[in-house]
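Working notes for the structure below.
Just so you know, all these numbers are worked out from the coordinates, no wet-lab data involved. For clarity, every value in this text was computed on a predicted model and none was experimentally measured. Using ideal geometry, Cβ is built from the backbone for each residue, glycine included, and neighbour counts are taken over all protein chains shown.
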Ligand SMILES: Nc1ncnc2c1ncn2[C@@H]1O[C@H](COP(=O)(O)OP(=O)(O)O)[C@@H](O)[C@H]1O
Ligand SMILES: [Mg+2]
């Protein structure tokens, strides 16, 4: 047994890079999917609407831990190959992000008045041009506070990856706790780091919301 | 050939038949004013003319082209058929200049940059708002917003303009400036179909007056004739109710 030292803390800080990696992966792959789902939900095709709404409902109804287990244990079975933990965990958070951001952005798109889209169509714009120049900028502004709020949820939820042994911030805390027998101190450090990451985002999200409400 | 030929158009929303066999022709250069009670289908008719609404029967031809035919490129058609709404529907996140030039640039009518700005200036001059070129819609009065909306249509150089109660959402003192712009357009020979409750405009500027009632063209003719001698009690009632 050894005492809790600054190097334990530094190890935890270093593990933040894996938390960050998960967040970046989830956003890089999840955000485009979210956009696609949001577009499908608000589009003209009935089938696309049904499919996208179904996916959103399904994924939102499953706990993140369930997604994680499904991809971690399921991918090797269904794909027949062993994949690195980063891939399966990354896939789980990608799906999580796609569903929740998809729902947030769907709301944003639907909050833009239909008359805006009609006005654009009446000027001869294509559906894509209408979305790109008229709907999306307004929807984005409306959805930005909730989007930043989701980012906080995503950062905190990556701690669940520790359950399958993926070493990110929370798992680094577990390891330090086990090595030093100082669970309280170890987890206090973990909590402090999560807080330091999330609190500024929460503040930002709030100020965005105030701005949006003020602008109306 | 008339610019707009509407024959026997039927339109239902669910079970409710809103247009019940509309016939109307509009020649090039004509100013047609549609009046009628709220719910008589005036807005719906305008929205059918530029293909915003599907129809359930009959046909509408604009410049010889069937609006509701599968082979018609609605986008191309709409580049030439402007519509102005009661609620302006400007894009709130864009400046006046960008509101005006967005469609001409995206549809390839004009290049981005100086040429686009020149176009914005030109159409804003037509509605008397050059100094607002860099303002946002939220900074303008209702009357100014509506004039920008008209300028936005003009930037596409339409050969037909549709106006749906464009002064109804305005404070009374702002109505005049918008009507003035429309009168100027009329003088310049623009073909216009407009729904309005401004009876003076209907009487003095329109070349044809159409009274819609219960989803049909109940009466049509020269404004002076209809106002002086309404042939049906419905029109007579309507005229006395808006006086
Ligand atoms: N999108 C719609 N869905 C269902 N009913 C509609 C729709 N648009 C209009 N209506 C109905 O059609 C009728 C005619 O409406 P409208 O054309 O707006 O009349 P007006 O412009 O003459 O007041 C009204 O009874 C209205 O409730
Ligand atoms: Mg109406």
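The table below gives the values:
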item	result
Normalised contact order of chain B, rounded percent, pairs of Cα under 8 Å and 6 or more residues apart	26 percent
Tilt relative to chain B, helix B:142-154 - C-alpha long axis, 0 to 90 degrees, to 10	90 degrees
Helix A:136-157 vs. chain A, principal-axis angle (Cα, 0 to 90°, nearest 10)	20 degrees
Global form of the range A:118-216, assessed from the alpha-carbon gyration tensor, a/c cut-off 1.5	oblate
Ranked by how many other beta carbons lie within 10 Å on average, peptides A:174-185, B:151-162 from highest	B:151-162, A:174-185
Whole-Å semi-axes of the range B:148-202's equivalent ellipsoid (Cα gyration tensor)	18, 12, 10
Rounded, prolate or oblate (a/c below 1.5 giving rounded, otherwise prolate when a/b exceeds b/c) for the range A:1-100 by Cα gyration tensor	prolate
Relative contact order (%) - the range A:6-215, alpha-carbon pairs under 8 angstrom, separation at least six	26 percent
GNM result for chain B, Cα springs below 10 Å: residue of B:128, B:14, B:36 fluctuating most strongly	B:14
Where a label projected 7 Å from the Cα of residue B:111 along Cα→Cβ would reach, residues of the range B:120-155 with amide N under 19 Å	B:120-122
Degrees, to the nearest 10: B:96-106 long Cα axis against longest axis of chain B	80 degrees
Label-point gap, in nm, between residue B:141 and residue B:225 - each point 7 angstrom along Cα→Cβ	3.9 nm
Whole-Å distance, taken between Cα centres, linking the range B:41-96 and the range A:34-98	40 Å
Cα→Cβ-extended label distance, 7 Å offset, between residue B:75 and residue B:243, nm	5.2 nm
Against the rule of thumb 2.2 N^0.38 Å, how large the Cα Rg of the protein assembly as shown comes out	1.32
Kirkwood hydrodynamic radius (C-alpha pairs) into Stokes-Einstein, chain B, 20 °C and 1.002 mPa s, D in µm²/s	116 µm²/s
Estimated inter-spin distance, residue A:188 and residue B:17, nm [label 7 Å along Cα→Cβ]	8.1 nm
Whether the range A:6-215 is rounded, prolate or oblate, judged on the alpha carbon gyration tensor where a/c under 1.5 counts as rounded	oblate
Alpha carbon centroid spacing (whole Å) that separates the range B:5-20 from the range A:114-149	31 Å
